Amino acid sequence: MAAMDDLSLRAATPTDLDAVLAFWKVAAEGTSISDDGDGVARLVERDPDALILAEREGALVGTVIAGFDGWRCHLYRLAVHPDQRRRGVGGALLAAAEERFVALGGRRADAMVLDRNTSAHHAWRAAGYEAEPQWSRWVKHLTG
């Protein structure tokens, strides 16, 4: 993928999954029902380029899931290590995700951002995203 100074971006591989799950416990705001080894393994198997990792000096410092279903572009799990925030990691991850979407024919990206994660709202706005208050997310858990 891309490199920015000492930041390198690449697609996750199956060998990265344990590190990614551990990283999300430190860097992501909240967890979800999908945050387990099986769920992330299915993602990487189904779409090997969807989970983008940012590394500095070999250490994982950020992630984003750039999912494309053939019609819509969805962003999930933009997470940056607390010690690496405000150093361009999130912006580089979003730029890589957007490049992926454009290459796949995507026309609009949407992001899942927790309402309570107000510290992330600034980063999303700075990247050109805006909340759409006319939409709500409706969820039904398919497993117990």
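The values are calculated or read from the model by the stated rules, or taken from the named source; none is laboratory data. Small disclaimer: the values here were computed from a predicted structure and weren't measured. With ideal geometry, Cβ positions are generated from the backbone for all residues, glycine too; neighbour counts draw on all protein chains shown. Heavy atoms of the whole protein, side chains included, go into the accessibility calculation; ligands, DNA and RNA do not. Shrake-Rupley method; radii C 1.70, N 1.55, O 1.52, S 1.80 Å.
Quick rundown of the values:
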item: Cα-Cα P(r), the chain, percent of pairs per 10 Å interval; result: 11, 43, 39, 7, 0
item: Around Ala79: net Lys/Arg minus Asp/Glu count, Cβ-Cβ under 12 Å; result: +1
item: Proximal charge balance of Thr15 [Cβ under 15 Å; K/R count +1, D/E count -1]; result: -3
item: Local electrostatic count at Gly128 - Lys and Arg +1, Asp and Glu -1, tallied over other residues with Cβ under 13 Å; result: -1
item: Shape parameters for the stretch 1-82, alpha-carbon atoms, Rg then Dmax in Å; result: 12.2, 36
item: Accessible carbon and sulfur surface of the stretch 3-98 relative to its total accessible area, %, 1.4 Å; result: 49
item: Inter-probe distance in nm under a simple model that places probes 7 Å from Cα toward Cβ, at Glu29 and Arg85; result: 0.8
item: Heavy-atom surface of the stretch 7-144, accessible at 1.4 Å and reported per residue (Å²); result: 65
